[in-house]
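Data block below; observations after.
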Amino acid sequence: MTNLYYEYPESLSVMKRLKPFAYFEPATLAEASKILIDQGSRAYLLAGGTDLLVRMKRGEIDLSALVNLKGIDGMNRIELDAETGLQIGALTTISSLEQSSLVRSAYPVLAEAAGILGSPPIRNLATLGGNIGRASPASDLAPALMVLMTRLLIDGPEGKKEFPLESIFSRPGKTTLNPGEVITSFFVPKMVVHSGAAYVRLGRRGGMDCALVGVAVLLNLSAKSGDVAEARIALASVAPVPIRARKAEAELLSGPLTEERIQKAATAAALESMPISDMRASASYRKEMVKVSTRRAIEQARTLAGEGNNK
Amino acid sequence: MKFLIDLTVNDEAYQLEVEPQTTLLELLRNQLHLTGTKEGCGLGDCGACIVLVEGKPVNSCLMLAVDAKGREVVTIEALETNGQLHPLQQSFLEKGAVQCGFCTPAMILSAKSLLDKSPRAGEMEIKEALSGVLCRCGSYKKIIAAVLAAGGEKGERNEE
């Protein structure tokens, strides 16, 4: 008898069922850290699960134990201190970030970047800690957080640690965290007056897309002269990890924001990027688009910083 | 090893034993036999498995059943009450917004979550709210029209 059913090629097959694993629900960070160390390198932390479960089903990771962080109290809070800045718990969902009135008013660029990620149902599950801990080169949140000079708060066997967000990325999918260390929260310093930040993300479609190029720009313009007092540019999807484009930043510094300088910065950002060719786009196209997206992001940030000046 | 969880599904309280590797989708379909929730890609791309957890749409194929502990889950089966279709279901019928029907439960639940918050949602908001569900028949125009009509009607009723 002929088989009338289409058989899915083995190479494309996806296990829709998850294989069994040891499961833990620690109530404290100390407990979570201990379990991680005891279980070894095949133990993974579970936050939102929207990326982890997909990779488990695809057989991309060999997981023996899952440590669910959601039993630990107080890890999903967003707290604003008007003097210092914003504290965001690692288990804060992307949709809470997108919808938080605190985030929307004080750091609109962060709410904007959150609103682009995945789809609404994915954003309701996915967390900020997971997005950064995944160390994906294509993170939509990383560039915005990086130009805001976000610091990471870590808890682990050696106690608490704090460091700049960008130093957590070591290579695609890998962080610099030591065994047993957990991201607990993010600290976003208060934005200085007369500054504006924008995130420009290029994708192939409007929703449910992975960024081809993501560029965040923060500009601080002098109230008197309108000169650039501070410029920060971060790129995603165009290097093994999200990166700061420091040469491009230098092109903008200490002077008026002329068309020529914007163009120079955009070109410098493209040169600093190290994109790969894949099924979504070629490396040369991505480089060209870094230039275009950087220019657009600078222009948007300038408008936003200018609006601040008028207040 | 099995874990005992308490949860509410469609206003009924359950206490269930689940394996840690069981997804919420598998719990709904296999243990509770609520097969209105569909499994498409199983990877969070198609959205056919969307259910409401605490009123918000989530991909139940990417949520572990153990994470539904203490939560309130609503599936498409809860929308019809006392033999009366939900206004969204009625509107989908009237506008012919269903072809094969596989995405319909997820479309209706995503729309319900939006209209419960903003009954007068416009076309752009509706498109955004439904952007997590793929319709391979390509019925988007009629689906959006159906949600617009259901929202409008509900809004008008609220104003009376």
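Filtering A:Asn68, A:Asn76 for residues that are within 14 Å of chain B (Cβ to nearest Cβ) and in contact with a Gly (Cβ under 6 Å, 6 or more places away or on another chain) leaves a single hit, A:Asn76. For B:Thr23, the criteria (1) in contact with an Asp or Glu (Cβ under 6 Å, 6 or more places away or on another chain); (2) within 23 Å of A:Leu66 (Cα to Cα); (3) surrounded by 15 or more Cβ atoms within 10 Å (Cβ to Cβ) hold in every case but one, which is (1). Could you list, in sequence order, all residues of region A:269-282 that are at pLDDT 95 or above and surrounded by fewer than 22 Cβ atoms within 10 Å (Cβ to Cβ)? Those that are at pLDDT 95 or above and surrounded by fewer than 22 Cβ atoms within 10 Å (Cβ to Cβ): A:Leu271, A:Glu272, A:Met274.
Among the residues in region A:200-209, are any surrounded by 15 or more Cβ atoms within 10 Å (Cβ to Cβ), touching a residue at least 60 places away in the same chain (Cβ under 8 Å) and touching a Gly at 6+ places or on another chain (Cβ under 7 Å)? Yes; the residues of region A:200-209 include at least one that is surrounded by 15 or more Cβ atoms within 10 Å (Cβ to Cβ), touching a residue at least 60 places away in the same chain (Cβ under 8 Å) and touching a Gly at 6+ places or on another chain (Cβ under 7 Å). Would it be correct to say that A:Ala197 is small (Gly, Ala, Ser), in contact (Cβ under 8 Å) with a residue 40 or more places away in the chain and in a strand (DSSP E or B)? Yes. A:Val54 - would you say it is within 14 Å of chain B (Cβ to nearest Cβ), of a type in the set (A, V, I, L, M) and not in a loop (DSSP other than H, G, I, E, B)? The answer is yes for A:Val54.
Within the option set B:Gly70, B:Gly40, being under 24 Å from B:Cys137 (Cβ atoms), within 14 Å of chain A (Cβ to nearest Cβ) and part of a loop (DSSP other than H, G, I, E, B) holds for one residue only, B:Gly40. Residue count for region B:129-145, restricted to those that are part of a helix (DSSP H, G or I) and within 15 Å of the chain's Cα centre (by Cα): 2. Restricting region B:12-34 to residues that are touching a helix residue (DSSP H, G or I) at 6+ places or on another chain (Cβ under 7 Å) and within 21 Å of B:Ser113 (Cβ to Cβ) leaves a set whose member that is nearest to the other protein chains (Cβ to nearest Cβ) is B:Thr23.
Got a sec? Which helices (runs of 4 or more DSSP H) wholly within region A:68-167 have at least 3 residues that are in contact (Cβ under 8 Å) with a residue 40 or more places away in the chain, closer than 28 Å to B:Gly55 by Cβ and in contact with a strand residue (DSSP E or B) (Cβ under 7 Å, 6 or more places away or on another chain)?
Numbers: elements: A:94-99, A:101-106, A:108-116, A:120-125, A:128-133, A:141-147.
Here the list reads A:108-116, A:128-133.
The set of residues in region B:26-52 that are surrounded by 22 or more Cβ atoms within 10 Å (Cβ to Cβ), closer than 18 Å to B:Leu79 by Cα and not small (Gly, Ala, Ser) comprises B:Leu28, B:Thr37, B:Cys49, B:Ile50, B:Val51, B:Leu52. For region B:109-128, give me the residue count where each residue is in contact with a Lys or Arg (Cβ under 8 Å, 6 or more places away or on another chain) and in a loop (DSSP other than H, G, I, E, B). Going through region B:109-128 one residue at a time, the tally reaches 1.
The values are calculated or read from the model by the stated rules, or taken from the named source; none is laboratory data. Since the model is a prediction, treat every value here as computed from it, not as a measurement. We place every Cβ from the backbone using ideal geometry, glycine too, and count neighbours over all the protein chains shown.
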